[in-house]
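The structure appears right after this line, and notes come after that.
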């Protein structure tokens, strides 16, 4: 007991403000690393309602912890749990240590995903994550006081970056970029709420460091939650309002908000630095929390020893996991993380608070201790079950593990072609085979396949969905089955086959029958010559709320000599009725101009006569070119009139449309917004040397030469 008291006397103390500043920075790190592939929510605007709802929920969640340690300011979690539950009390800090350890793994996996998207080099990503872990070990050894001082500096830098984002994006803000509230989906709201709460794991650190905190815990904790969510909401509204639909095409949307201003893009190193500091603080906090909990149980070991050994073991486990690429479903399962958050942020402190109240009554002390002991054992089982079992109760050899899907539209239904992992082939590893089924729709074809094979479909490994032209023209019906599936990754690529999907996939399997990894070429955007072509399932889901959105699908052809698959241009699908193949030159920038951008009245005045006309449809494509080190943009616009007119009227209407289109084009080129980004991304791919020399994108666009080609025809 004297040893424990001596350790308590040597502990560093921080203020409540310092603790919650550290928690603020830690939570922002996961906000910066927000990934649509992990959350499953394609539109950042859909997170507004979940953020508003998360605020009161977290105020309730944090309340038991704050009240508990206000009543017991001098007791650590180990000391208090032992007082309340006897020998069973040591289970609680071990459970918290396991939770912080899992959270550490989760943060590192999210960080690696982010680095992979930025660096496109897995080895560099692993090295950087390893450097973060080693630095976090050093910071955790220094203790909570040093870490809280660092978090104060990071907090000031974070506020500076937030101010810069607000100042530079506000001039580009437009309410038209915000989806009306009536379009918000209740299912998306629930998913967003679950996702946000599942990522509040840093809040569990209050139970570890509250005894080392001086000041008003309750007020500081509530200010932390309110300021945290208000800050995130403000950044969300200003970024979506300024950058618009561009964010819907990005995987890491929170980070990409800086693309809304040329000045912010030039400050990208500053934002990367602040992002790295926030992640570092979160990682150090989780490791320090793990060390505190472990040290309190194994008192014979010093804080430094526990921290260093624990950090090294985690680094080794991470390197092994990265080398095996074992990103299991459990790592990113938000429902599992929600349960863990509820248990460690709300349930355990609530049970301890109730036990503490009962402890004051001598009559109920023994009963409370026994009940709490049983609860501790049950909690240990709850934590062990998800970590010791797979993502489902069905063994993998009893599943049809889909690696790629093909759908062909038939006159009386559809044909389903799947590339599946051949789990029965003991001779070759990762061998693939083709299985087929037909039905009146996609759902019936999948159901028939499961019934015939006696195995359930597993879509979490599906890298692409390929459709023939008839199927993609009716993509809403074709993809309806996938839209209802929870296990399909939102980053799954969508492609269109030159021939039938079945023929193309058969050619593919002939090429890599015993090398299933080669099908990555169909989903890897690096293999696609034009980045603007790439379309994922997430992009499709995001487009469901906006019927005016057109989509570009990679157009897949087969090289007959090598049986290899290649990307050759793209296939445009517009819900207004336009479906056609586009070559590589025509592909660039097609989605930049839409009907809203060409906002002109359907009337032309000729002296005293007004000719009214009605436009049935508009299709627009843009082709950027670099000629003599200058940007040239070719606009090709097709206008279809709803009614026929005589030759004289038709000419007047065409001239009128051309003047208004020319005016709209000039405004688009000279202005700012998402229109610029698609072109700049194309130039980065097609003309990398020119791209590196651009300092001011707005000036470049204002000085560019534009050519408008207009064709106008009636419906006949």
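Per-structure values
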read-out	value
Residues within region 497-519 that are surrounded by 15 or more Cβ atoms within 10 Å (Cβ to Cβ) and modelled with pLDDT under 75, tallied	8
Unique residue being over 30 Å from residue 695 (Cα atoms) and touching a helix residue (DSSP H, G or I) at 6+ places or on another chain (Cβ under 7 Å) when the list is 275, 302, 289	289
Residue under evaluation residue 494, criteria (1) more than 12 Å from residue 402 (Cβ to Cβ); (2) surrounded by fewer than 20 Cβ atoms within 10 Å (Cβ to Cβ); (3) touching a strand residue (DSSP E or B) at 6+ places or on another chain (Cβ under 6 Å); (4) modelled with pLDDT of 80 or more, criterion not met	(2)
Filter result for residue 65 (more than 21 Å from residue 224 (Cβ to Cβ) and either buried (at least 23 other Cβ atoms within 10 Å of the Cβ) or outside the structural domain of residue 275 (by TED's automatic domain parsing) (or both))	no
Per-region count, region 444-485, residues surrounded by fewer than 16 Cβ atoms within 10 Å (Cβ to Cβ) and farther than 18 Å from residue 509 by Cβ	14
Selection status of residue 335, modelled with pLDDT of 80 or more, part of a helix (DSSP H, G or I) and assigned by TED's automatic domain parsing to the domain that holds residue 106	yes
Every residue from region 552-563 that is buried (at least 16 other Cβ atoms within 10 Å of the Cβ), out of contact with any helix residue (DSSP H, G or I) (no Cβ under 6 Å at 6 or more places or on another chain) and modelled with pLDDT under 75	none
Among the candidates 251, 299, residue that is within 18 Å of the chain's Cα centre (by Cα) and modelled with pLDDT under 80	251
Residue in region 226-241 that is in a loop (DSSP other than H, G, I, E, B), buried (at least 19 other Cβ atoms within 10 Å of the Cβ) and at pLDDT below 85 present	no
Residue 633 being modelled with pLDDT of 75 or more and either in the same structural domain as residue 258 (by TED's automatic domain parsing) or crowded, with 16+ Cβ neighbours inside 10 Å (or both)	yes
Complete set of residues in region 191-222 that are under 21 Å from residue 38 (Cα atoms) and surrounded by fewer than 21 Cβ atoms within 10 Å (Cβ to Cβ)	191, 193, 194
Residue tally, condition crowded, with 17+ Cβ neighbours inside 10 Å and over 30 Å from residue 701 (Cβ atoms), over region 636-650	2
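The values are calculated or read from the model by the stated rules, or taken from the named source; none is laboratory data. Predicted model only: the values in this text are computed from it and were never measured. Neighbour counts run over all protein chains shown; Cβ positions are idealised from the backbone, glycine included.
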